[in-house]
1. More than 15 Å from DNA strand D (Cβ to nearest atom) and at negative phi, is that true of B:Leu60?
2. What number of residues in segment B:67-89 are under 26 Å from B:Phe117 (Cα atoms) and in contact with a helix residue (DSSP H, G or I) (Cβ under 9 Å, 6 or more places away or on another chain)?
3. Step by step: first the residues of segment B:68-114, then only those that are touching a strand residue (DSSP E or B) at 6+ places or on another chain (Cβ under 9 Å), touching a residue at least 12 places away in the same chain (Cβ under 8 Å) and open to solvent by 60 Å² or more (accessible area, probe 1.4 Å), then the one that is nearest to DNA strand C (Cβ to nearest atom). Which residue is that?
4. Step by step: first the residues of segment B:53-67, then only those that are near DNA strand C (Cβ under 6 Å from one of its atoms) and in a helix (DSSP H, G or I), then the one that is farthest from the chain's Cα centre (by Cα). Which residue is that?
5. Pick from A:Ile96, A:Ile82: which is more than 16 Å from DNA strand D (Cβ to nearest atom) and either touching a Gly at 6+ places or on another chain (Cβ under 6 Å) or assigned to a helix (DSSP H, G or I) (or both)?
6. Name every residue in segment B:169-194 that is more than 9 Å from every other protein chain (Cβ to nearest Cβ) and closer than 16 Å to A:Ser216 by Cα, in order of residue number.
7. Of everything in segment A:18-49, what is touching a residue at least 40 places away in the same chain (Cβ under 8 Å), within 11 Å of another protein chain (Cβ to nearest Cβ) and surrounded by fewer than 19 Cβ atoms within 10 Å (Cβ to Cβ)? Give them in sequence order.
8. Can you go through A:Val68, A:Val94, A:Val138 and tell me which one is among the aliphatic types (A, V, I, L, M) and within 14 Å of chain B (Cβ to nearest Cβ)?
Protein chains: 2
Amino acid sequence: MTEVSATEIRRRGIPDATVARLPDYLRALTSMSGRGVVSTSSEALAAATGVGSAMVRKDLSFLGSHGVRGVGYDVTHLSVEIARALGLTRDWPVLIVGMGNLGRALAAYGGFAAGGFQLVALMDRDPAVVGQPVAGLVVSAMTALPALAAAPDTLGVITTPAHAAQEVCDALIAAGVTSILNFAAVTLNVPAGVDVRKVDVATELQILAFHKQQRSRAPQLAVAP
Amino acid sequence: MTEVSATEIRRRGIPDATVARLPDYLRALTSMSGRGVVSTSSEALAAATGVGSAMVRKDLSFLGSHGVRGVGYDVTHLSVEIARALGLTRDWPVLIVGMGNLGRALAAYGGFAAGGFQLVALMDRDPAVVGQPVAGLVVSAMTALPALAAAPDTLGVITTPAHAAQEVCDALIAAGVTSILNFAAVTLNVPAGVDVRKVDVATELQILAFHKQQRSRAPQLAVAP
DNA sequence: TAGATTGTTAATCGATTAACAATC
DNA sequence: TAGATTGTTAATCGATTAACAATC
């Protein structure tokens, strides 16, 4: 095994796989907190998130040493540390482009504010939609993009049809947006330095179908988690 | 390196990471086909999907040898092989529970039929919603679940609020559903043999925020892909 | 034959798991 | 002290990448 110094880990940062699980831990902790639980353990977090307890401990150890041996983790303290690590101690402006069914549903979704994400603009290309009120905001025209994405850390969400997504993506990048969540069913082409994550129902269903098919063919094997 | 026989690979099946990319390749091929492209290469597929060309070749090799050295891949033939591997040569019945904004948006989304997924039922707990027409179907009551999930390979989609999701999940499983796509912001507890995939906007935004924060702190480093 | 591109090997890298010393 | 649980190590496993022989 190769030696990895503490400095090296800090340089490389928290592993991607760990970062992807931190929101789950945070949600479990928030739920515990709401139920009045003040202290927890890697076993309890494991049960709540479906992750192994050894992995919970390893993940949390990347944030520093926030537990107490023989005792566990303080729910509030650990929540704060995870939120800090994820960058949730500030507000993040969010802008949604594409006010079709999905865009409207997302805009109406309450989960943004809870996590420190603030809807700052809703946009659409269709002049018939521009000016309409949606979720307490007024839909803006695409020409307003440079002004609306003025905040340097704006997160862009694309909910347009697939054929419009690349053009919208280019416009977002031109306006300075470098973090994009893409719901359109296309792979976006972006320059280095732009971070795109995709959410795609068709892909998820296809993966479920694949696993289901595997299980039908070899019913004695357990499903992969 | 450990020896892995061809038999062993067939037993273990296609790696999860590969399965997750197959839908991207299929989509790129479908797009090529629509543009009249009849032949392609691992380089072209790599450019279209943002995956390295070596990985494209390795992924495709798990499906068998469907390319021609020095020539490339036949677009139609490769599409068929990927669709076959994913289990898309048949129709998959899909059932959505939770007819709020998101559930309605998903029901209205056209992408289901295209991929061989067929909406067979929409359900909601609210009596005021039951009976309403949505996307050409009539919303059913939860009591109809056992009958509606009668087909053994029904894929269940949960678009309820978080607090109702576990209960709905249990009901789906009791009705025989073993493949679930969860849009609710909770970790679902399921027995072995049930496959759950989750789609969560808040988690995705938190991961984007984390990366963005990292880049602000060390702007000289490129972003992870 | 010369050029192109696959399929596969081997090396590397990153993620997971099990075990246990440290320590409350 | 006895029991519990973390934080860390080492082993294992799986995924990615680079290189290139095979072959059209």
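The values are calculated or read from the model by the stated rules, or taken from the named source; none is laboratory data. Since we're looking at a predicted model, the values are computed, not measured. For neighbour counting, all protein chains shown are included, and Cβ atoms are generated from backbone atoms with ideal geometry for every residue, glycine included. Each accessible area value is taken on the protein alone, full model and side chains, heavy atoms only, with ligands, DNA and RNA left out. Shrake-Rupley method; radii C 1.70, N 1.55, O 1.52, S 1.80 Å.
1. Working: more than 15 Å from DNA strand D (Cβ to nearest atom): no; at negative phi: yes.
No, not satisfied.
2. Restricting attention to segment B:67-89, the residues satisfying the condition of being under 26 Å from B:Phe117 (Cα atoms) are B:74-89.
Now narrow it down to the ones that are in contact with a helix residue (DSSP H, G or I) (Cβ under 9 Å, 6 or more places away or on another chain): B:75-76, B:78-79, B:81-83, B:85-89.
The total comes to 12.
3. Step by step, filter segment B:68-114, then rank; the result is B:Val71.
4. Taking segment B:53-67 and keeping what is near DNA strand C (Cβ under 6 Å from one of its atoms), we get B:54, B:57-58, B:60-61, B:65-67.
Then keep just the ones that are in a helix (DSSP H, G or I); that gives B:54, B:57-58, B:60-61.
Numbers: B:Ala54: 24, B:Arg57: 22, B:Lys58: 21, B:Leu60: 18, B:Ser61: 21 Å.
Taking the candidates together, the pick is B:Ala54.
5. Numbers: A:Ile82 fails: more than 16 Å from DNA strand D (Cβ to nearest atom).
Only one candidate passes the filter, namely A:Ile96.
6. B:Gly176, B:Val177, listed by residue number.
7. First, pick out the residues of segment A:18-49 that are touching a residue at least 40 places away in the same chain (Cβ under 8 Å): A:18-19, A:22-23, A:25-26, A:29-30, A:32-33.
Subset that is within 11 Å of another protein chain (Cβ to nearest Cβ): A:18-19, A:22-23, A:25-26, A:30.
Listed by number, the residues that qualify are A:Thr18, A:Thr30.
8. Details: A:Val68 fails: within 14 Å of chain B (Cβ to nearest Cβ); A:Val138 fails: within 14 Å of chain B (Cβ to nearest Cβ).
Matching residue, one of A:Val68, A:Val94, A:Val138: A:Val94.
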